[in-house]
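The values are calculated or read from the model by the stated rules, or taken from the named source; none is laboratory data. Quantities reported herein were computed from a predicted structural model and do not represent experimental measurements. Cβ placement follows ideal geometry from the backbone for every residue including glycine, while neighbour counts extend to all protein chains displayed. Side chains included, ligands, DNA and RNA excluded: accessible areas come from the protein's heavy atoms. Shrake-Rupley method; radii C 1.70, N 1.55, O 1.52, S 1.80 Å.
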Amino acid sequence: MTAKAQILMTRPTHYEVAYEINSWMKPGVWSAGPKAQKAAARASWSTLRAALEASGAQIHDMPGAKGVPDLVFPANAAVVLDGKALLARFRHPQRRREEPHNRLALEGLRARGIIKEVVSFDDDLFQEGAGDCLWDSARGLFWVASGPRSSLGSVDRIARVFGEEVVHMPLATERYYHLDTCFCPLSGGEVLYYPPALSEAALAALHARTRSDQRLEARDQDAAGFCVNAVNLGRTIIMARPPAHLAARLEERGYRVIGVDLDPFILSGGGAFCMTLRLDHMAPPLTTRRAA
Ligand code: ARG
């Protein structure tokens with residue numbers, strides 16, 4: 001039996017769309033019906049959580065807090081590998097207020113033995129956690145973005161902190177502001193990605209690391225529906241409701257696709273992956289690695 005995936009989620013008790021730091025955020029839509037939005041967000045969050053649990057994950061809850069509505073997106077809290085959590089540093093002041101909450105939550109997980117160590121950056125750079133740093137379990141490496149949110153300097157820093165290979169993926173647009181909005185490595189070695197969101201350099205790096213049959217291009221509609229922002233647990237992929245063609249393509253590859261209505265969170269520019277932080281990713285042991 002394989003161990004359960006360990007996932008952190010933040011309860012949506014204080015979630016709202018109150019400011020605008022990406023082009024998906026619509027505070028006006030939220031404030032036109034906050035009660036209904038809040039109820040929809042609670043239902044949506046619970047459905048996602050239930051889908052993750054039904055797919056074999058163990059969920060660790062972090063409480064929401066007043067004044068930090070985007071705490072509901074813990075993918076941005078840290079990069080976690082081998083039990084070591086590197087705390088994020090946010091670019092926008094609205095989200096910088098989340099940092100003490102993230103530290104507290106991760107220290108709590110350390111105290112409970114779920115992770116082993118919490119570390120932070122020792123200088124002035126921005127890095128928005130797993131949102132811009134995706135672990136590829138099939139290849140044993142990090143895909144790391146610089147762009148609208150994370151600084152260029154964070155790429156080498158991540159390599160040094162974790163001692164793992166990183167592939168730099170510079171982002172091309174403000175619209176797809178985190179790598180997880182446009183890029184999703186899958187357990188079987190395929191990568192689901194949205195080409196217009198990636199720079200030439202990122203596309204070249206992707207092509208160098210993948211075979212053509214492993215590259216699954218998302219269409220405009222898939223990316224705009226936050227379907228690329230998916231949680232992959234073994235052969236299951238959980239995402240915002242996918243168009244039929246996307247579900248069919250993934251099913252052809254042997255994946256089971258679960259679509260969840262995440263509209264209240266897409267209104268803040270987030271999907272399934274953003275709403276989770278995987279705590280148990282492990283690098284392959286040195287003995288199993290190919291000689292360089
Ligand atoms: N409103 C949030 C922001 O703009 C959404 C974050 C979504 N998270 C993610 N990992 N893409 O920062």
In what sequence, highest mean first, do 66-77, 269-280 appear when ranked by Cβ atoms within 10 angstrom?
269-280, 66-77
Per residue, accessible area of the chain with a 1.4 Å probe, heavy atoms of protein chains only, in Å², comes to 42
What is the stretch 120-194's relative contact order, in percent, from Cα pairs under 8 angstrom and six or more apart in sequence?
32
Once the dipole of the stretch 175-268 is set up with Lys and Arg at +1 and Asp and Glu at -1 on Cβ about the Cα centre, which of 198, 177, 225 lies farthest towards its positive end?
198
Just to confirm the filter: which trypsin sites (Lys or Arg not before Pro) across the stretch 198-242 are DSSP coil and have at most 16 other Cβ within 10 angstrom of their Cβ?
211, 219, 235
Gyration tensor (alpha-carbon) shape descriptor, the stretch 90-177, a/c threshold 1.5
oblate
Calculated FRET value between residue 110 and residue 201, using beta carbons and R₀ = 41 Å, to 0.05
0.70
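Summarise the accessible area of the chain (1.4 Å probe, protein heavy atoms) by the percent that is carbon and sulfur.
C and S fraction of accessible area: 53 percent.
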The relative contact order of the chain, taking Cα pairs under 8 Å that sit 6 or more residues apart, comes to a percentage of 22
Length gain on complete extension for the stretch residue 220 to residue 94, per 0.36 nm per residue less the alpha carbon to alpha carbon distance?
42.5 nm
Taking alpha-carbon centroids only, the stretch 154-200 lies from the stretch 4-23 a number of Å equal to 21
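Can you pull out the GluC sites (Glu not before Pro) in the stretch 187-289 that DSSP calls coil and that have at most 11 other Cβ atoms within 10 Å?
Sites meeting the loop and neighbour criteria: none at all.
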Please report the net charge: other residues with Cβ closer than 9 Å to the Cβ of residue 190, K and R +1, D and E -1.
+1
